[in-house]
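Written out below as structure tokens is the structure these notes cover.
The values are calculated or read from the model by the stated rules, or taken from the named source; none is laboratory data. Small disclaimer: the values here were computed from a predicted structure and weren't measured. Don't worry about glycine lacking a Cβ; one is built from the backbone with ideal geometry, like all the others, and counts go over all protein chains shown. Just the protein is used for accessible areas: all its heavy atoms, side chains included, with ligands, DNA and RNA removed. Shrake-Rupley method; radii C 1.70, N 1.55, O 1.52, S 1.80 Å.
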Amino acid sequence: MPDALAEIREEFLALSQQERLQLLLEFSNELPELPERYQGHPDLFERVAECQSPVFLFVEIDDDDVVHLFVTAPKESPTTRGFASILVQGLAGLTADEVLAVPDDYPQTLGLTQAVSPLRLRGMAALLGRTKHQVTAKRQVG
Amino acid sequence: MAVQADTAEKFAAYAHPERLVSTEWLAAHLGEPGLAGVESDEDVLLYETGHIPGAVKIDWHTDLNDPVVRDYIDGERFAQVLGSKGIGRDTTVVIYGDKNNWWAAYALWVFTLFGHQDVRLLDGGRDKWIAEGRELTTEATNVAPVDYPVVPRDDSAVRAFKEDVLAHLGHGPLIDVRSFEEYTGERTEIPGYPTEGALRPGHIPSAASVPWAKAAAPDATFKTRAELEEVYLDGAGLKPGDDVIAYCRIGERSSHTWFVLTHLLGFENVKNYDGSWTEWGSAVRVPIKQGADA
């Protein structure tokens, strides 16, 4: 388990249910805007069909094999933005192998099942699944 | 004493105009004694990003669903939830939410299971309120808890179970409110990405396909009575007096259609099958139809 993801999990688990929602809202507000070079390039992005709202993601692997994850989600979908932001922060700086080694059930271990519902957590599992899928596909091409 | 109804001209044509209020009406009545605003969204955090002043949040999943059994909460829990939000048995409740009031209609339907008498929807919901530049606040709403009586939930009038649907087949119309791809059974899961699915795709035989959003105008308000009659009477073939069952995937989108048929078009016996496709499409030996034909 990468350190950043482990720390985020500890942070959530230390809080009460209501405070966990507040923390998720903070993450939601921290989801970075797309860098300028990717703005206006919707063709590069993959729609996350499992999320009710229009969520798109794009993975880039640089020359040092480090993965960069970019996600857009509307501000009307703060929960999805929160999930995306956790992944963007938690995966930052990881190599392709490290990203692929992240346990698939990570979203279910944040202690949010009660406050957010398992149904909604599936969107986050899909974000992680599609991120890994893109890493695998792009590494083969590269 | 219930708060007065919105007498907007558009609503007068509906069967039960007192079930809707406009954004203008709500803005003018905010803070009135006996009136409670309730926000119910698909997204559990949306209320926290800004809500109508004085409104409380009721979450479809964490507040209204039983945490263990696939069912709604019981009368005791309902009394706790509403009492803790400052809502009394005779409070006029105006519910609003995101996505054309999809979840707001679901909450209203659950309120109906407990016979809460005066519960209304904000026409246009959260989106229209925001589009009109009306006030939102992130300030926590201070509520004084009240006593809400324990009223047993009555599933007999507006809720259908699988057995009811089986008995209904061949005797009355069904409305499938999911997307047309879900109805035909075309839409299959994407490998490796588990979705909220059922084991078999398709629809309940004889059901007409009327995606729920056909009842909504582009600004998230309900269509006019004449437009709704075109969709449900001319289009789907419902006749006045029909007993109707509506379903979707888990019963949320079909609550919206239930509201339209019951309160706007005046059908007197409409039930929402909340088990919906996640139950029917996984049940053993129930009839299923695939393709575009009913």
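Using a simple charge model, +1 on the beta-carbon of Lys and Arg, -1 on the beta-carbon of Asp and Glu, nothing else, what dipole does chain A show about its Cα centre, in debye to the nearest 20?
About 640 debye.
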Going by Cα centres, region A:1-47 and region B:125-174 are how many Å apart?
31 Å
Other residues with Cβ under 14 Å from the Cβ of B:HIS171 give, with Lys and Arg +1 and Asp and Glu -1, a net charge of -2
Whole angstrom only: what separates the Cα centroid of region A:52-85 from the Cα centroid of region B:234-252?
39 Å
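Which order do A:HIS133, B:HIS61 take by accessible area at a 1.4 Å probe, largest first?
The residues order as A:HIS133, B:HIS61, largest area first.
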Assigning unit charges at the beta carbon (Lys, Arg +1; Asp, Glu -1) and nothing else, what dipole magnitude in debye, to the nearest 20, does chain B show about its Cα centre?
500 debye
Could you pull out every one of the lysines with an alpha carbon less than 22 Å from that of B:LYS85, ignoring same-chain neighbours closer than 8 positions?
B:LYS57
Largest fluctuation, B:THR92, B:THR262, B:THR137 only, Gaussian network model of chain B with Cα springs under 10 angstrom, belongs to B:THR137
In square angstrom, rounded to the nearest 10, how much accessible surface does B:GLU24 have for a 1.4 Å probe?
100 Å²
If I compute solvent accessible area with a 1.4 Å probe over the protein chains, what percent of it on region B:1-111 is carbon and sulfur?
53 percent
Nearest 20 debye, what's the magnitude of the dipole of the protein assembly as shown about its Cα centre given +1 on Lys and Arg Cβ and -1 on Asp and Glu Cβ?
1020 debye
Evaluate the relative contact order of chain B (contact order divided by residue number), counting alpha-carbon pairs under 8 angstrom at least 6 apart; express in whole percent.
20 percent
Region B:145-292 - percent of accessible surface contributed by carbon and sulfur, probe 1.4 Å
53 percent
Show me you know the interface measure: the accessible area buried between A and B, both chains summed, probe 1.4 Å, in Å² to the nearest 100.
1900 Å²
Anyone know which of B:ASP71, B:ASP98, B:ASP243 comes out most mobile in the 10 Å Cα GNM of chain B?
B:ASP71
Top positive-direction residue, dipole computed over the protein assembly as shown with Cβ charges, set B:PRO173, B:CYS248, B:PRO33:
B:PRO173
Candidates B:ARG70, B:ARG126, B:ARG178, ranked by Gaussian network fluctuation over chain B, Cα under 10 Å, top entry:
B:ARG70
For chain B, alpha-carbon Rg and Dmax in angstrom:
18.8, 55
Can you pull the accessible area of B:THR62 for me, 1.4 Å probe, Å² to the nearest 10?
50 Å²
For chain A, what is the relative contact order in percent, using Cα pairs closer than 8 Å and at least 6 residues apart in sequence?
30 percent
Using the structure shown, select from A:LYS75/B:LYS214; A:LYS132/B:LYS162; A:LYS75/B:LYS239; A:LYS75/B:LYS271 the pairs with a Cα to Cα distance greater than 30 angstrom.
A:LYS132/B:LYS162; A:LYS75/B:LYS239; A:LYS75/B:LYS271
Where chain A is the region considered: accessible area per residue in Å², 1.4 Å probe
48 Å²
How about region B:33-63: which of its residues lose at least 20 Å² of accessible area in the presence of all protein chains relative to their chain isolated, using a 1.4 Å probe?
B:GLU42, B:ASP43, B:VAL44, B:LEU45, B:LEU46, B:GLU48, B:THR49, B:TRP60, B:HIS61, B:THR62
Counting only protein heavy atoms, probe 1.4 Å: which residues of region A:10-39 lose 30 Å² or more of accessible surface in the full assembly compared with their chain by itself?
A:LEU21, A:LEU25
For region A:101-138, state which residues have at least 50 Å² less accessible area in the presence of all protein chains than in their chain by itself, taking the probe as 1.4 Å and leaving out ligands, DNA and RNA.
A:LEU119, A:ARG120, A:ARG122
Using a 7 Å offset from the Cα along the Cα-to-Cβ direction at both B:ALA8 and B:ARG134, what is the distance between the two label points in nm, to one decimal?
0.8 nm
Calculate for chain B the 222 nm mean residue ellipticity that helices alone would give, adding -39,500 (n - 2.57) per DSSP H run of length 4 or more and normalising by residue count, nearest 500 deg cm²/dmol.
-6000 deg cm²/dmol
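Over region B:180-294, what relative contact order in percent results from Cα pairs under 8 Å that are six or more residues apart?
35 percent
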With a 1.4 Å probe and every protein chain left in place, tell me how much accessible area A:SER77 has, in Å² to the nearest 10.
10 Å²
Of B:ASN101, A:ALA4, A:GLN22, farthest towards positive along the dipole that unit charges on Lys, Arg, Asp, Glu beta carbons give the protein assembly as shown:
B:ASN101
Could you do me a favour and compute the accessible area per residue for chain B, 1.4 Å probe, result in Å²?
42 Å²
Just going by the charge dipole of region B:227-294, with Lys and Arg at +1 and Asp and Glu at -1 on Cβ, which of B:THR257, B:VAL286, B:GLY235 is farthest out on the positive end?
B:VAL286
